[in-house]
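Asker: Sharing a structure, written as structure tokens. Questions coming.
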Amino acid sequence: MKQKLFSKSLKVTETYKISLTRHAENDLIEIYDYIAVDSLVTASAFVLVLEEKVFSLSTMPERGPLIPENILLGTRYRHLIHGKYRIIFKVYDQTVTVLRVIHGNMLLELQSR
């Protein structure tokens, strides 16, 4: 009789706490306001999907690639892309901190606004 080595039901998934900086929260508000000029419904739907992407980082945040700006900034930040926007975040211990949500054409700047 063969012994089963692996169980199909075995799932080991680490979960991470999600934290948004004030800048990231403001970015989401600005994105909403920008889109809402044309359509409130579209703005709500788009920002909702962005927020879903943000909270999806609670599992496997390392799936987001390292950002090109790391070379200049000396950091190890990652990003997820949604549409024309980049969700930029860092992973430390069991926390994912979303730093910014910026247009894909913009480079990350760490200066305060």
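Rule-based calculations on the coordinates, nothing more; no lab input. Predicted model, so just to flag it, every value in this text is computed and none were measured. Cβ sites come from the backbone with ideal geometry, for glycine too, and all protein chains shown count toward neighbours.
Asker: Which angle from 0 to 90°, rounded to the nearest 10, does the C-alpha axis of helix 22-36 make with the longest principal axis of the chain?
Answerer: 70
Asker: Follow-up. For segment 14-45 and segment 65-99, write down the distance between their C-alpha centroids in whole Å.
Answerer: Comparing the Cα centres of segment 14-45 and segment 65-99, I get a distance of 17 Å.
Asker: So, one more: Where in segment 86-101 does the amide nitrogen come within less than 12 Å of the point 7 Å from the Cα of Lys17, taken along Cα to Cβ?
Answerer: So the set is 92-97.
Asker: Further, regarding this structure: What percent antiparallel are the DSSP beta bridges of the chain, to the nearest 5? Numbers along the way, then the final one.
Answerer: Working: 14 of 18 bridges.
Expressed as a percentage, antiparallel bridges in the chain total about 80.
Asker: Given [x] 1.56; [y] 1.36; [z] 1.11, which label gives Rg/Rh (Cα atoms, Kirkwood Rh) as computed from the coordinates?
Answerer: [z]
Asker: Let me ask something else about it. Among Val98, Val54, Val37, which one shows the biggest mean-square fluctuation in a GNM of the chain, springs joining Cα atoms closer than 10 Å?
Answerer: Greatest mean-square fluctuation among the candidates belongs to Val37.
Asker: Filter the GluC sites (Glu not before Pro) in segment 7-113 down to the DSSP loop ones having no more than 13 other Cβ atoms within 10 Å, then list what survives.
Answerer: Working: sites: Glu14, Glu25, Glu30, Glu51, Glu52, Glu62, Glu69, Glu109; in loops: Glu14, Glu69, Glu109.
Answer by residue number: Glu14, Glu109.
Asker: Give me the net charge for the shell around Tyr77: Cβ to Cβ below 11 angstrom, other residues only, Lys and Arg +1, Asp and Glu -1. Before the final figure, lay out each step's value.
Answerer: Numbers: positive: Arg76, Arg78, Arg86, Lys90, Arg100; negative: Glu69.
Around Tyr77, the surrounding residues sum to +4.
Asker: Sorted from fewest to most neighbouring beta carbons within 10 Å, what does the list Arg78, Arg63 look like?
Answerer: Fewest to most other Cβ atoms nearby, the residues stand as Arg63, Arg78.
Asker: As I understand it, the value is the acute angle between the Cα axis of helix 40-56 and the longest principal axis of the Cα atoms of the chain; what does it come to in degrees, rounded to 10?
Answerer: Tilt relative to the chain: about 40 degrees.
Asker: Also: What distance in nm lies between label points placed 7 Å from Cα along the C-beta direction at Glu30 and Tyr92?
Answerer: Output for this residue pair reads 2.3 nm.
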